[in-house]
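Input: a single structure, listed below in structure tokens.
Values quoted throughout were computed directly from the atomic coordinates according to the rules given, and no laboratory measurement underlies them. Quantities reported herein were computed from a predicted structural model and do not represent experimental measurements. Note that we place each Cβ from the backbone using ideal geometry, even for glycine, and neighbour counts take in every protein chain shown.
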Amino acid sequence: MKADELLDMIGEVDDQMLAEAKELKKRENTRWMKWVAVVVACIAVGSVCAVATPSPSVRWGRFLTGHAENADGQEVYAVGNTATVYLFDVELSKEFYLMTGLSEEEAFQEAARQNMEWEALYQEAMRLGYAVTDAEVDAFLETLKTFMETAENREDVLLIIEQFESEEAYWEYQKKVYQKDLPIQNMNRAKEQQYHAEHPDASREEFPEWFRNWKQTLVDEQNYRICTEK
């Protein structure tokens, strides 16, 4: 499995999020990008940076545990026409951006923007009929588990899992994540295929630009209202 395919499988943070964080932190080298892929995706290609205790894997595992335990009764950050963004989700994403080296303010702004985009994408996926079944999610997670067994950074993955009450609890959390993320992945993949079918002579740069504009249109159409000022 290729690195870009693995990043496309991320529930908490996707490859676009990684790319945007990198753009915001240009002064960092590729080493931190490898580390981010390890911590966030749990499966990555490349080496792991040496860091102080607690390790990034432990730290991220603790954040995910807190996210799993506080899934209900969350404070609303923003409401759109059909989408709702929760403050706890924004705070979780903010921690990711902080670990890439952004300031507190930069991290929160990017986290809020990313979550408003993600929820807008999910609503569009539902509107277009990209809902997935439990069986499809389970099959996807089984593939992820199988690959994890031979991943170079398997020990880092296990450190993240160990922060949960049990391995079963970790995968139950991932199942909830991918119940929303898989429809988005499926829709995005279909959009890319459709674009290239309609624009066979398009350059490599044209689809990403179209895709960014399309996502921004979805966000704009939500007309988000901020409910919680940071």
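Modelled spin-label separation between residue 228 and residue 145, with each label point placed 7 Å from Cα along the Cα-to-Cβ direction: 3.3 nm.
Which order do peptides 105-117, 142-154, 197-209 fall in by mean Cβ count within 10 Å, highest first? Before the final figure, lay out each step's value.
Values: 105-117: 19.6, 142-154: 13.8, 197-209: 9.8.
My ranking of the peptides, most packed first, is 105-117, 142-154, 197-209.
Stretched out straight at 0.36 nm per residue, the stretch from residue 196 to residue 138 would grow longer than its current Cα-Cα span by 17.9 nm. So if R0 is 35 Å, what FRET efficiency would residue 175 and residue 213 give, r being the distance between their Cβ atoms, rounded to the nearest 0.05? It comes to 0.60. In a fully extended conformation the segment linking residue 98 and residue 206 would gain 35.8 nm over its present Cα-Cα distance, using 0.36 nm per residue.
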